[in-house]
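The next block holds one structure in the form of structure tokens; read it before the comments.
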Amino acid sequence: MIASVKGLNFSTVFDAAADAMLLAEHTGHIVTANPIAQRLLGYTEVELKGLAIEMLISPRYRKQYRYYQKLFLSKPAKRPMSAGNELVALNREGKELLLDISLTPMEVREKLYTLIIFNVANRRLDTEEALRASEERLRLAKQAAGLGIFDYDFKHNIVYWDKQMRKFWGKYSDKTVSYEEFVAAIHPDDREARQAAINKAMDPASNGEFKLQYRVINPVNGAERWISARGRVYFEGGNPHRLIGVTRDITEQRNIQKKLQLQRDETESILKQQVAARTASAIAHELNQPLAAISAYSEVVLHALNTNSFSAGNLRRALQGCVEQAQRAGRSLHELLAFLQKGELVTEHSNLAEVIQEALNIVYDDGYGGFHPVLRLQENLPAVQCNRTQVRKVLVNLFRNAVEAMRAVDSPVLSITTEVQTINDKEMATVIVQDNGPGLDQIAIKRIFEPFFTTKPSGIGMGLVISRALIEANGGQLWVDFDAKPGAKFLFTLPFVT
């Protein structure tokens, strides 16, 4: 039945209503709007009067509005907009308003009007907007971190993966892949460990956490890529249902770790070789004089016996053997030294700033951190001619010594200053390493470069001896500043590239 406003003061009821109301002609143009509707939409009554309602509807919902308008006019009756078919309006500032709407036909002087009562129902719209914002933040975070996302469905044996994951695997374009195809790209040597990690995560007694690093082989070019995967198994009814997680490419990180390990191996190899060489040198130094004396005395006795009239064949043979063995011992020691020091020194053009930074990285990676490195390097410093590995070893040794010395004192700030200066008249670079530790006493300074002298409880006293030998082999010198304060100050030189 069509309601009538005859006998009612419609204007009074209309203006006093607690809901937002619009009165519109059958053409869809607004006749009037109550104060609540004006405030909600941000327009004055004058601005709304004569305005087509369609102009207040968000463009993407206007087709839906015209459909409901036609449906209402074909059979006018009071009705709410059906759930799930709300309209989105725009206020004066362009903000979207999700509206709950009810329509009531009204006949005034045989002319049909529509009373539109509406309330804002923006909770769902706000939720959708929050979801979109959350998804956008997740997308940006994924992009920044280079993360790939996967979802392994155990029941259907299918892996759902995003674009980044497919990029990691090399050639796939579909959003899903069979688990067999997924595993086929994993390095054969890593499959067993990966499956063991998955089996552990699938155990209901575990926390479901999956964490592993493994290699993936690109099926197109055979390139290897290191992947770090983290995820969690979800259970339904006590049974594992799916594994959801993220992956990231750690190939560069692994390569850096490998490079650092090679550098450590090289430096440790040099240390062992130099320790052996210096130890053999010290032994040779101790034995050469006694061996020379044995040889001399034996030759004198042999000469005396040779001039005697009596026959002393047995004595002669013994003394002859003594001479031969003494001389053989000397030759053996020299042969050992030659073997340990064999090969020519290979040098290259090196950037001192890079070598210093590499040494600092090694020291930190080996657990000798906790200090503040201060670098004072000249700009545009020319390259030096040296064996990069040996010079790096010297720097590592000096840095470690400094850290160990500083740890023995209670200082709020531990710092190591590394400075590079140029000796123009000698075409040499001077590298200075100074700490703020307790420094060296006069006895230590005088004996610091002696073999087997050490101030450390567990030291062997060969580090600085070897370091000096390495610097000298590279055409430079290594010494300690006797008057340095605070801490200890070591200096060494290296020739510039000529």
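The values are calculated or read from the model by the stated rules, or taken from the named source; none is laboratory data. Since the model is a prediction, treat every value here as computed from it, not as a measurement. As a convention, Cβ positions derive from the backbone with ideal geometry for all residues, glycine included, and neighbour counts pool all protein chains shown. Heavy atoms of the whole protein, side chains included, go into the accessibility calculation; ligands, DNA and RNA do not. Shrake-Rupley method; radii C 1.70, N 1.55, O 1.52, S 1.80 Å.
Within region 190-230, the residues that satisfy the criterion of being among the basic types (Lys, Arg) and open to solvent by 80 Å² or more (accessible area, probe 1.4 Å) are 191, 200, 211, 230.
Cβ separations smaller than 7 Å between residues 6+ apart or across chains give the following pairs from region 350-373 residues that are within 19 Å of residue 431 (Cβ to Cβ) and part of a loop (DSSP other than H, G, I, E, B) to residues that are open to solvent by less than 10 Å² (accessible area, probe 1.4 Å) and not polar (S, T, N, Q): 368/399; 368/403; 371/403; 371/406; 371/416. Residue count for region 248-273 satisfying the condition of being surrounded by 15 or more Cβ atoms within 10 Å (Cβ to Cβ), over 30 Å from residue 166 (Cβ atoms) and either in contact with a Phe, Trp or Tyr (Cβ under 9 Å, 6 or more places away or on another chain) or at pLDDT below 70 (or both): 1.
Restricted to region 165-189, and to residues there that are among the basic types (Lys, Arg) and closer than 17 Å to residue 244 by Cβ, the residue that is least open to solvent (accessible area, probe 1.4 Å) is 166. Do we have residue 216 as modelled with pLDDT of 90 or more, under 29 Å from residue 255 (Cα atoms) and either out of contact with any helix residue (DSSP H, G or I) (no Cβ under 6 Å at 6 or more places or on another chain) or not in a loop (DSSP other than H, G, I, E, B) (or both) here? Criteria met by residue 216. Checking the structure you have, find out if any residue of region 78-99 is touching a residue at least 24 places away in the same chain (Cβ under 8 Å), touching a strand residue (DSSP E or B) at 6+ places or on another chain (Cβ under 7 Å) and more than 15 Å from residue 120 (Cβ to Cβ). Yes, region 78-99 has at least one match. For region 231-242, the tally of residues that are over 25 Å from the mean Cα position of the chain (by Cα) and open to solvent by less than 80 Å² (accessible area, probe 1.4 Å) stands at 6. Within region 41-71, if we keep just the residues that are of a type in the set (Val, Ile, Thr) and assigned to a helix (DSSP H, G or I), the residue that is surrounded by the most Cβ atoms within 10 Å (Cβ to Cβ) turns out to be 53. Taken over region 359-386, residues that are open to solvent by 30 Å² or more (accessible area, probe 1.4 Å) and on the phi < 0 side of the Ramachandran plot amount to 17.
With respect to being within 24 Å of residue 396 (Cα to Cα) and modelled with pLDDT of 80 or more, residue 239 falls outside the description.
Is it fair to say residue 437 is at pLDDT below 80 and open to solvent by less than 40 Å² (accessible area, probe 1.4 Å)? Before the answer, list the steps.
Values: at pLDDT below 80: no; open to solvent by less than 40 Å² (accessible area, probe 1.4 Å): yes.
Taking the combined requirement at face value, the residue does not satisfy it.
Tell me yes or no: at least one residue of region 222-239 is of a type in the set (Val, Ile, Thr) and under 30 Å from residue 358 (Cα atoms).
yes
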